[in-house]
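Q: Quick one: the structure is below, questions incoming.
Any read-out appearing in this document is the output of simple, stated calculations on the displayed coordinates, not a laboratory observation. Just so it is clear, the structure is predicted and the values come from calculations on it, not from any experiment. So basically every Cβ, Gly included, is an ideal-geometry build from the backbone, and we count neighbours across all protein chains shown.
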Amino acid sequence: MSGLHFISLPLEIRQLRQWAGRRGLGLDEGRVLHHLLTETFGRGALQPFRLMVAPRAARGTLYAYTPASVDVLRRTALETGLPDALSVCEPGNLAAKAMPDTWSKGRRLGFDLRARPVRRLHRAMGAFRKGAEVDAFLVEALRRFPESPPESDGVDRAAVYREWLAGRLAPAAEIAEVRVARLDRHTVERGGRKLNGPDVTFHGQLVVTDGAALADCLANGVGRHTAFGYGMLLLRPAG
């Protein structure tokens, strides 16, 4: 077994929002959780992560991958965590299991992934400067139709996002099937800058092509913003 653990932590949504309000963190859920987890368990300790909340539910569950054991996480929280943060995420409620350090080549697994399919530009494109973070769909639309509006009907948005995902999973796995289960656009705040971009949930099946690389993919996340609630590859039984 590897040093990677899969943890779950129940959170009261009302308490989380009240805590964020007292801190002046705004409504960016990923930013709020990033601050809460960093202050409680240490920088990068629970990353990537994902908060799952049923519609109209008062409580959600935060899932995360971490190299730290439950004992280490609890000790860190109790020794250095602030009381108001600990009232939101009680370390005694942490549950965990150890993850495999590799996966059998050819193994088929189901997956659920929330990601931001964006690309960092290596050169200026349209109105976007070099180095800008841009929706992968817009990048593809500008590449194909540089003289047309970026929301061109000639580009299949879902197909672009599926291609983006295939590139991010390689060489760890190949996609056997995938669908865009949810597509939104959210503005997030990073380092004082507001970034608008896609918020996509993928459901599908993958086939392992490199077991050690898949373990790394779980630990490091898929795509950008893995410290803010994106990129956690949740695995399920095939089919």
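Q: Candidates (1) 31, 20, 17; (2) 52, 19, 14; (3) 31, 24, 15; which is the computed semi-axes √(5λ) of the Cα gyration tensor in Å?
A: (3)
Q: For V72 paired with A58, estimate the spin-label separation in nm (one decimal), with each label point 7 Å from Cα along the Cα-to-Cβ line.
A: The two pseudo-label positions are separated by 3.6 nm.
Q: By how many nm would the segment from E163 to E177 lengthen if fully extended, with 0.36 nm per residue of separation less the alpha-carbon distance?
A: 3.9 nm
Q: Under 23 Å Cα to Cα from K194, which lysines show up? Leave out anything in the same chain fewer than 8 places away.
A: Straight-line reach from K194, under 23 Å: K130.
Q: Separate question: Kindly express, to the nearest 10 degrees and within the range 0 to 90, the angle between helix 70-80's C-alpha long axis and the longest C-alpha principal axis of the chain.
A: 70 degrees
Q: Please give the FRET efficiency for H186 paired with A127, using the beta carbon to beta carbon distance and R0 = 22 Å, rounded to the nearest 0.05.
A: On the way: r = 20 Å, r/R0 = 0.93.
Efficiency, from the Cβ-Cβ distance: 0.60.
Q: Tell me the angle of helix 211-220 to the major Cα principal axis of the chain, expressed in degrees between 0 and 90 and rounded to the nearest ten.
A: For 211-220 against the chain, the angle is about 70 degrees.
Q: With everything on Cα atoms, drop me the angle between helix 157-169 and the longest principal axis of the chain, reported from 0 to 90° to the nearest 10.
A: 60 degrees
Q: Taking only Cα atoms and a 10 Å spring cutoff, compute GNM fluctuations for the chain and point out the largest among Q47, Q18, Q205.
A: Q18
Q: Sticking with this structure for a sec: Rounded to the nearest Å, what's the spacing between the alpha carbon centres of segment 1-79 and segment 176-221? Just the number, please.
A: The distance from the Cα centre of segment 1-79 to that of segment 176-221 comes to 18 Å.
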